[in-house]
Amino acid sequence: MLSRFRMVVLAAAFAAIGVPGPASAQYFGQNQVEYETFNFRVLKTQHFDIYYYPEGERAANYAAQMAERAYARISRLLDHELSNRQALILYASAPQFRQTNVISGSGEGTGGVTEILKRRIVMPFAGPLKETDHVLTHELIHAFQFDMTGARGGVLRAGGPSVMRYPLWFVEGMAEYLSVGPKDANTTMWMRDAVRADKLPNLGRLEDPRFFPYRYGQALWAYVGGRFGDDAVGKVLKASRRGDVKFAFQQALRQSADSIVLQWQEATKEAFAPLKDVTQSPADYGREVIVADKNTGGYNIAPVLSPDGSKLVFLSSRDLFSIDR
């Protein structure tokens, strides 16, 4: 039986790519509460039907450029053209996105969703263009994954895309690598910490929810791309139609998945070994300034130092009013 923690992690991860969760039966027939009326229009590009409303017209034009640019790059890397036009349903903001009835609800941390069967992408236009570009590309990669592993002769195979039976490090890690690239400060931080703590997972432990699939998966795919070339990612994905991770790696790269993961571990340790010897833990050289049960609440986020470095400002739920989510 799955532990409660593992069930929560899996539910959250599948929600991000539009998989119906256990609550689907209770949700069926109930719509999200809409506080606004959205009069959608359609902007057609070479490969996309972009649904937007007048308030988001400017954002839709930006998204159209991002989408076609991402399509050209992903199509080349994966050596695949989508079987039909790609729908992109665009909301002008995150609060408006959470009113959508296209999917059966989304959490506040959900940046975008790609449906499995209809393959529609639903997402808000974020403030920073870089973030919108990242989310759009990430979700478009999911659309390619579903299309490449879910159709046979233009008809959806029984059981849906085989990639959905794959571990999250495979699915989400690939989407992160192909959307962010091999150099990412956030993932680098995770890998450096894993090397320092001697906790780089092997192939079996990569499926453990304690190893965040987005970061560890991205790092592993970055190694595969750097070692075998970016086209290797598409070869592995095509071989994954059979629904077996080990077969896909062996078929595409002529090496076992276990062997490749071991090589990734060694390469990562070697890359961070010099830093491991010269860096310290924060507790070794600093003092804790946000202390539990003293000056904090349940949530403490977004810390910023004052210009002179003497004060620290952060958002907290410690007083009368909680943080406005």
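The values are calculated or read from the model by the stated rules, or taken from the named source; none is laboratory data. These figures come from a predicted structure and were not determined experimentally. Note: ideal-geometry Cβ built from the backbone for every residue, glycine included; neighbour counts use all protein chains shown.
Residue by residue, here is whether (1) of a type outside the set (D, E, K, R); (2) modelled with pLDDT of 85 or more holds:
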| position | (1), (2) |
| --- | --- |
| Gln96 | yes, no |
| Gly111 | yes, no |
| Thr114 | yes, yes |
| Lys118 | no, yes |
| Pro124 | yes, yes |
| Thr132 | yes, yes |
| Leu136 | yes, yes |
| His142 | yes, yes |
| Gln145 | yes, yes |
Practice problem: Considering only segment 52-65, state which residues are assigned to a helix (DSSP H, G or I) and buried (at least 19 other Cβ atoms within 10 Å of the Cβ). | Solution: Gly56, Ala59, Ala60, Ala63, Ala64
Quiz item: Which of (1) modelled with pLDDT under 95; (2) of a type in the set (Ser, Thr, Tyr); (3) surrounded by fewer than 17 Cβ atoms within 10 Å (Cβ to Cβ) is the odd one out, the single condition Ser240 does not satisfy?
Solution: (3)
Self-check item: Conditions (1) touching a strand residue (DSSP E or B) at 6+ places or on another chain (Cβ under 7 Å); (2) part of a helix (DSSP H, G or I); (3) among the charged types (D, E, K, R); number of the one not met by Asp49
Solution: (2)
Quiz item: Which of the residues spanning segment 91-118 are within 18 Å of the chain's Cα centre (by Cα) and either closer than 21 Å to Asn61 by Cα or not assigned by TED's automatic domain parsing to the domain that holds Val33 (or both)?
Solution: Ala94, Phe97, Gly111, Gly112, Val113, Thr114
Practice problem: With a cut-off of at least 3 residues that are β-branched (Val, Ile, Thr), name the helices (runs of 4 or more DSSP H) lying wholly within segment 211-323. | Solution: 257-278
Quiz item: Considering only residues of segment 192-210 that are hydrophobic (A, V, I, L, M, F, W, C) and in a loop (DSSP other than H, G, I, E, B), which is modelled with the lowest pLDDT?
Solution: Ala197
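One line per residue, one yes/no per condition, for (1) free of Cβ contacts under 8 Å to residues at least 60 places away in the same chain; (2) β-branched (Val, Ile, Thr); (3) farther than 21 Å from Phe144 by Cβ:
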site	(1), (2), (3)
Pro209	no, no, yes
Pro213	no, no, no
Trp221	yes, no, no
Gly225	yes, no, no
Val236	yes, yes, no
Ala248	yes, no, no
Ala252	yes, no, no
Leu275	no, no, yes
Asp284	yes, no, yes
Quiz item: Does segment 110-137 hold any residues that are assigned to a loop (DSSP other than H, G, I, E, B) and touching a residue at least 24 places away in the same chain (Cβ under 8 Å), and which are they?
Solution: Thr110, Gly111, Gly112, Glu115, Ile116, Leu117, Lys118, Arg119, Arg120, Phe125, Ala126
